[in-house]
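The values are calculated or read from the model by the stated rules, or taken from the named source; none is laboratory data. Not measured: the values here are computed from a predicted model. Here the Cβ positions follow ideal geometry from the backbone for every residue, glycine too, while neighbour counts run over all protein chains shown. Quick note on the areas: whole protein, heavy atoms, side chains included, nothing else; ligands and nucleic acids left out. Shrake-Rupley method; radii C 1.70, N 1.55, O 1.52, S 1.80 Å.
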Amino acid sequence: MRRLSRRAFAVAAVATLSGLVTAGDAAAFPGSASSGPASPAAASPGRARAVREMRGMWLATVSNRDWPSSPGLLAGQQRAELLGHLDTAVRLRLNTVIFQVRPMADALWPSPYEPWSQYLTGVQGKDPGWDPLGTAVREAHARGLELHAWFNPYRVADHTDLTRLTPSHPARRHPDWVVRYGGKLYYDPGLPQVRKFVRTAMLDAVRKYEIDAVHWDDYFYPYPVAGQVFDDDATYAAHGAGFPDKAAWRRDNIDRLVREMAAAIKEIRPATRFGISPFGVWRNAATDPLGSPTQAGVQTYDDMYADTRKWVRKYWIDYICPQLYWNIGFTAADYARLLPWWAEVAEGTGTQLYVGEALYKAGDPAQPAAWQDPAELSRHLTFARDWPQVRGHAFFSGTQVAADRIGALARVVADHYQQPAKPPR
């Protein structure tokens, strides 16, 4: 089958709410229009609902977006809130919770490598008196849910002051590992010692807990910030020999982390899968004939140096869950054109395709008219049923899952989740 051209989503600025509320959500889109949405009738032949499908929700902890509701709650209060989110997932016939356990080079479990997260107690490094990740794994499994542990590899802090980090923080002990960019601190992905450290820190959780998957989001090299430069010139000079340019070297740095992490997970805990949820655009067709029919201000290949298409085609990861956070018919990035493109990318690879859904946009008055219709998300799932490569959906995020502002998720459940389903394996 001939591959469809790939779409890339238009973006200009990064939203600050959480790791999965990305640049696309504050985008300033180019004025040129794309062609209209693909017709469901033109898609692959319809299929019956799969016995197994991903029905997931993200549970974000960065900046206390979803959990805990505020820093400094008592351990019992935190635990009760966490179990409440798991119970909500069960009530809505979801089967997977993607729980953010390393939001800012920190940990929501007792890690020997990184400090306790400040989002638990309000003080980085302070023991909260219990083990959130261990509890989440145990209680999710008791409810028949999968628990995917969500890590951010390189983000260190939402400020640029190293002295605000706890004294034992690895970034303070190794300031040469850190790059200041866009008002934040990041580990430098080009340093082999950084790549080794972040991999070791994340794998500690894989060794200790029976997590069902390791999950990464869309932050590799950071989203571009106008007028600023990610200063890794010295690192490139030291480690970039043999590459045609810095961009190719940066992509290789991220490729290496993905490959090395995948191999280590399989060695430590073979049943644990590895999934990535990238920003929904690889490249625009205008940039690359393999790209999607979109007009994106940001493209993961060129701006985050994340060759997401390669990871799928080479079967380096077990699943990919692109964030297709736009409505059907949206000019710059049409859901009905992006999903078929991703389906074509995933076809025949062994990498399962799930779709990230923007529940947080439903009923938001700042969003286009389509998002004021409670049926928009249900239409996404109806459309996706014509593409057998799509093995399920995940909704961002826990707060909106529980509140369901205009009943958009209730409509999804009524239309598509009448019966329980087990996650794909």
Every listed condition ((1) closer than 18 Å to H393 by Cβ; (2) among the β-branched types (V, I, T); (3) modelled with pLDDT of 95 or more) holds for V51 save (3)
Evaluation of H141 against (1) more than 22 Å from P68 (Cα to Cα); (2) in a helix (DSSP H, G or I); (3) of a type outside the set (D, E, K, R) (one fails), failing number: (1)
Quick one: would you say W316 is touching a Phe, Trp or Tyr at 6+ places or on another chain (Cβ under 6 Å) and either at positive phi or in a loop (DSSP other than H, G, I, E, B) (or both)? no
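I'm trying to understand the selection: among the residues of the range 267-294, which are buried (at least 21 other Cβ atoms within 10 Å of the Cβ) and assigned to a loop (DSSP other than H, G, I, E, B)?
Pass one, the range 267-294, residues buried (at least 21 other Cβ atoms within 10 Å of the Cβ): 273-284, 291-294.
Matches in the range 267-294: S277, P278, G280, V281, W282, R283, G291, P293, T294.
So if I check each of A346, A332, A285, which one is in contact with a Leu (Cβ under 7 Å, 6 or more places away or on another chain) and of a type in the set (A, V, I, L, M, F, W, C)?
Details: A332 fails: in contact with a Leu (Cβ under 7 Å, 6 or more places away or on another chain); A285 fails: in contact with a Leu (Cβ under 7 Å, 6 or more places away or on another chain).
Just one listed residue meets the conditions, A346.
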Is it the case, given these coordinates, that R309 is open to solvent by 20 Å² or more (accessible area, probe 1.4 Å), in a helix (DSSP H, G or I) and over 22 Å from P153 (Cβ atoms)? no
Could you tell me whether the range 160-180 includes any residue that is under 30 Å from R425 (Cβ atoms), at pLDDT 95 or above and within 24 Å of the chain's Cα centre (by Cα)? no
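Residues checked against (1) farther than 30 Å from E53 by Cα; (2) touching a Lys or Arg at 6+ places or on another chain (Cβ under 8 Å); (3) open to solvent by less than 10 Å² (accessible area, probe 1.4 Å); (4) not aliphatic (A, V, I, L, M):
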residue: F99; (1), (2), (3), (4): no, no, yes, yes
residue: R102; (1), (2), (3), (4): no, no, yes, yes
residue: A140; (1), (2), (3), (4): no, no, yes, no
residue: N152; (1), (2), (3), (4): no, yes, yes, yes
residue: L165; (1), (2), (3), (4): yes, yes, yes, no
residue: P189; (1), (2), (3), (4): yes, yes, yes, yes
Give me the residue from the range 230-251 that is over 27 Å from the mean Cα position of the chain (by Cα) and assigned to a loop (DSSP other than H, G, I, E, B) and, out of that set, nearest to Y301 (Cα to Cα). D245
Within the set of pairs 6+ apart or on separate chains, which have a first residue in the range 62-86 that is more than 17 Å from W116 (Cβ to Cβ) and modelled with pLDDT of 95 or more, a second that is open to solvent by less than 40 Å² (accessible area, probe 1.4 Å) and hydroxyl-bearing (S, T, Y), and C-beta atoms under 6 Å apart? R65/S18; D66/S397
Index of the failed condition, G398 passing every other in (1) touching a Leu at 6+ places or on another chain (Cβ under 7 Å); (2) open to solvent by 10 Å² or more (accessible area, probe 1.4 Å): (2)
Filter the range 104-133 for residues that are without any contact (Cβ under 8 Å) to a residue 24 or more places away in the chain and of a type in the set (D, E); which is surrounded by the fewest Cβ atoms within 10 Å (Cβ to Cβ)? D127
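Confirm whether V413 is of a type in the set (V, I, T), open to solvent by less than 10 Å² (accessible area, probe 1.4 Å), in contact (Cβ under 8 Å) with a residue 60 or more places away in the chain and within 26 Å of S69 (Cα to Cα). I'd like the intermediate steps shown before the answer.
Details: of a type in the set (V, I, T): yes; open to solvent by less than 10 Å² (accessible area, probe 1.4 Å): no; in contact (Cβ under 8 Å) with a residue 60 or more places away in the chain: yes; within 26 Å of S69 (Cα to Cα): yes.
It is false that V413 is of a type in the set (V, I, T), open to solvent by less than 10 Å² (accessible area, probe 1.4 Å), in contact (Cβ under 8 Å) with a residue 60 or more places away in the chain and within 26 Å of S69 (Cα to Cα).
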Hey, G242 hits all of (1) under 30 Å from P423 (Cα atoms); (2) open to solvent by 60 Å² or more (accessible area, probe 1.4 Å) but one; which does it fall short on? (1)
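Looking only at the range 183-229, count how many residues are part of a loop (DSSP other than H, G, I, E, B) and among the hydroxyl-bearing types (S, T, Y). Spell out the reasoning first.
Quick first cut of the range 183-229, residues part of a loop (DSSP other than H, G, I, E, B) only: 183, 188-191, 209-212, 217-229.
Retained after the next criterion (residues that are among the hydroxyl-bearing types (S, T, Y)): 209, 219, 221, 223.
Qualifying residue count, the range 183-229: 4.
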Which of the residues belonging to the range 379-406 are out of contact with any Ser or Thr (no Cβ under 6 Å at 6 or more places or on another chain), of a type in the set (G, A, S) and farther than 15 Å from A336 by Cα? G392, A394, S397, G398, A403
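Being under 14 Å from R391 (Cα atoms) and open to solvent by less than 10 Å² (accessible area, probe 1.4 Å) is the filter; apply it to the range 315-335 and report the residue that is farthest from the chain's Cα centre (by Cα). Full working, then the answer.
Restricting attention to the range 315-335, the residues satisfying the condition of being under 14 Å from R391 (Cα atoms) are 318-322.
This time we only want the ones that are open to solvent by less than 10 Å² (accessible area, probe 1.4 Å), so: 319-322.
Values: Y319: 12, I320: 9, C321: 7, P322: 8 Å.
Step by step, filter the range 315-335, then rank; the result is Y319.
Taking the conditions exactly as written (surrounded by 13 or more Cβ atoms within 10 Å (Cβ to Cβ), under 23 Å from R207 (Cα atoms), more than 21 Å from the chain's Cα centre (by Cα) and at pLDDT 95 or above), does R259 satisfy them or not?
Values: surrounded by 13 or more Cβ atoms within 10 Å (Cβ to Cβ): yes; under 23 Å from R207 (Cα atoms): yes; more than 21 Å from the chain's Cα centre (by Cα): no; at pLDDT 95 or above: yes.
Criteria not met by R259.
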When you scan the range 67-97, how many residues do you find that are open to solvent by 30 Å² or more (accessible area, probe 1.4 Å) and not in a helix (DSSP H, G or I)? 7
So, first residue closer than 17 Å to P340 by Cβ in the range 292-303, second residue basic (K, R) and modelled with pLDDT of 90 or more, Cβ within less than 6 Å, six or more apart or across chains; the pairs are P293/R337
